[in-house]
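Take a look at the structure below.
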Amino acid sequence: MMNRYIIRGTIASAALAGGSFYWYYKNLLPLTSLDSLPSNSLLRNTVAKKGLTSTPYLDYFVFRIPKEKLRDEYRGLNEKDLTNQYLKSFFTSRLFQLEDGLLQLLGVAKKSTADDYKFNVNNTIGPFTVVERNQNEILNSWDFDGIGGLNYFLVTDEKDFIEFGYGNTCWKYVDSKAVPLGYNDLASKIHRIYGRILMHLALKSLI
């Protein structure tokens with residue numbers, strides 16, 4: 001009898017957790033919008049330079065926040081300073097800090113310094129190195145254990161709102177050649193959900 005109640009309780013808990021995550025996934029996470037990724041963006045240009053123009057795995061997520069919703073200390077920032085704050089919020093979220101700590105234990109990431117959080121070229125946050133940036137775009141690369149990738153941040157100051165973008169792509173190495181992951185590969189799907197959650201956590205700290 002007790003085992004029956006335990007089983008029923010476990011199933012009910014799993015259903016509740018699954019339903020809650022599905023609602024969170026559908027209603028709160030930033031939307032996938034590859035069409036919104038500018039054709040001349042640092043991400044698209046670098047993917048083309050690497051010969052990955054046919055890659056089936058290239059994600060881009062967007063979220064628009066009305067300016068009046070931003071916290072007071074961020075509302076008046078220019079694009080460059082707001083872009084820096086966006087990345088700082090992303091990389092100091094508890095979820096990313098957990099990932100960073102695990103990667104440091106594995107020896108594939110080093111502890112970041114205060115200077116690294118200026119997000120200048122060659123600054124390193126966890127496994128990511130800033131490889132290119134301008135006023136409102138930052139592109140990072142990572143590479144370890146036979147796989148690599150890029151992650152990308154864009155902030156656009158519109159008239160009444162700020163549009164935040166986050167994109168990434170991943171590949172594996174086969175005979176020293178970068179081969180893109182498939183869009184529907186399990187690793188791609190997990191990476192896509194994880195990226196949307198990290199972006200959501202970063203934006204929550206800005207409002």
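The values are calculated or read from the model by the stated rules, or taken from the named source; none is laboratory data. The shown structure was predicted, so the numbers you read here are calculated from the model rather than taken from an experiment. Here Cβ is always computed from backbone atoms with ideal geometry, including for glycine, and neighbour counts include all displayed protein chains. These accessible areas exclude ligands, DNA and RNA; they are computed on the full protein's heavy atoms, side chains included. Shrake-Rupley method; radii C 1.70, N 1.55, O 1.52, S 1.80 Å.
Applying the set (1) basic (Lys, Arg); (2) free of Cβ contacts under 8 Å to residues at least 12 places away in the same chain; (3) surrounded by 14 or more Cβ atoms within 10 Å (Cβ to Cβ) to LYS172 leaves exactly one unmet item: (2). Could you check, for region 185-199, whether at least one of its residues is over 20 Å from SER93 (Cβ atoms) and open to solvent by less than 40 Å² (accessible area, probe 1.4 Å)? Yes, region 185-199 contains at least one residue that is over 20 Å from SER93 (Cβ atoms) and open to solvent by less than 40 Å² (accessible area, probe 1.4 Å). For region 113-125, the criterion of being surrounded by fewer than 19 Cβ atoms within 10 Å (Cβ to Cβ) and in contact with a Gly (Cβ under 8 Å, 6 or more places away or on another chain) is met by no residue. Considering (1) surrounded by fewer than 17 Cβ atoms within 10 Å (Cβ to Cβ); (2) farther than 23 Å from TYR86 by Cβ, the lone condition that ALA178 does not fulfil carries the number (1). In region 149-165, the qualifying residues are those that are part of a strand (DSSP E or B) and surrounded by fewer than 17 Cβ atoms within 10 Å (Cβ to Cβ), and the one that is nearest to the chain's Cα centre (by Cα) is GLU163.
Checked against (1) touching a residue at least 12 places away in the same chain (Cβ under 8 Å); (2) outside any loop (DSSP other than H, G, I, E, B), ASP116 passes all but condition (1).
Looking only at region 68-112, residues that are closer than 18 Å to ASP157 by Cβ, open to solvent by 60 Å² or more (accessible area, probe 1.4 Å) and assigned to a loop (DSSP other than H, G, I, E, B) come to 3 in all.
In region 166-186, of all residues being within 9 Å of TYR57 (Cβ to Cβ) and of a type in the set (A, V, I, L, M, F, W, C), the one that is nearest to the chain's Cα centre (by Cα) corresponds to CYS170.
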